[in-house]
Every structure is written in C-alpha cells, then in structure tokens.
Amino acid sequence: MPDAHPIADFGAAVAEVVRSIPPAHAMTYGDVAAVLGSRASRAVGRVLAFEGADLPWWRVVRAGGWFPTGHEQRALEHHRAEGTPLVEGTAGWRVDLRRARWSPDVEDAS
DNA sequence: AAGTTGACTTTCG
DNA sequence: TCGAAAGCCAACT
C-alpha cells in the first residue's frame with residue numbers, strides 16, 4: 001500500500017481513512033476506529049478536530065448519521081454540495097447511512 | 001504515573 | 001420510544 005507519508009500515529013491513520021472516503025459517502029466514528037483496529041471513536045473525533053482542517057471531516061458522522069456536535073450546520077452545507085444522500089429528521093438533517101455508509105476495505109484495496 | 005477530557009457508542013431504565 | 005449512565009480509547013495536564 002503506497003503512502004507518500006509515513007504513518008505511525010493514530011491521527012495519521014485516521015487522516016488516511018477519512019481521505020479515502022469518496023464523495024457522496026460517509027462513515028461513522030466507530031467505523032473509522034474499527035478500521036484502525038480500535039474502538040477509539042472519541043480519539044477519532046479528537047483527530048478530526050486537529051487534522052480535520054485539511055480533511056473531509058464532514059464525511060465522518062456519528063452513529064445514526066448525525067453530524068458532530070457543534071458542527072452540524074457546517075457539515076450539512078458540505079453534504080448538500082457533495083450530493084450525499086440526506087434525510088430530514090425532527091432534530092434536523094442527517095446522512096442516510098443506508099446508502100452513504102461505505103468501507104475503505106471494499107473498493108480501495110490498494 | 002495518575003487523573004481529566006472529548007467533533008463517540010452502546011446498554012439499561 | 002426517549003432519556004440517562006457507563007464504557008472505551010487516545011491525548012493532554
């Protein structure tokens with residue numbers, strides 16, 4: 001698996017996974033953590049808060065498809081622009097994980 | 001070295 | 001079905 005930069009930190013691994021998410025798709029924090037072999041969903045959020053400046057963090061959502069706390073509006077704008085399947089709920093808009101959920105190990109086998 | 005925090009998840013009431 | 005509590009992992013103090 002060719003990678004331009006050395007990956008040795010949890011944050012770097014999270015960054016790679018998030019970047020591997022194609023448009024119109026999304027993953028949950030738990031899924032990303034599972035890909036890394038851990039359940040550190042919280043640590044994933046922490047990484048996105050720091051590295052997310054250059055990452056499509058809006059493609060990573062909470063369990064159920066809702067956007068991260070405090071960034072719902074920001075993520076919503078991105079998803080509307082990307083064309084991610086959204087569903088309207090009483091609490092607002094959420095990602096339709098039934099269609100948008102995606103795993104990096106399915107198509108990105110390199 | 002030990003305790004607290006956090007862009008979370010899951011289970012029990 | 002909805003709400004609160006405990007659980008987990010990694011980073012920071």
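Since every read-out is calculated from the coordinates, none of them should be taken as a lab result. Source: prediction; values computed, not measured. Positions of Cβ are backbone-derived with ideal geometry, glycine not excepted, and every protein chain shown enters the neighbour counts.
Worth pointing out:
- Full extension of the segment from A:A81 to A:R42, taken as 0.36 nm per residue of separation minus the current Cα-Cα distance, would add 11.4 nm.
- Förster-model FRET efficiency, 25 Å R0, A:R19 and A:T90, C-beta, rounded to 0.05: 0.15
- In degrees, nearest ten, helix A:10-19 long axis to first principal axis of chain A (Cα): 60 degrees
- Scaled against 2.2 N^0.38 Å for its residue count N, the alpha carbon radius of gyration of chain A is 1.01.
- As a ratio to 2.2 N^0.38 Å, the alpha-carbon radius of gyration computed for the range A:62-101 takes the value 1.02.
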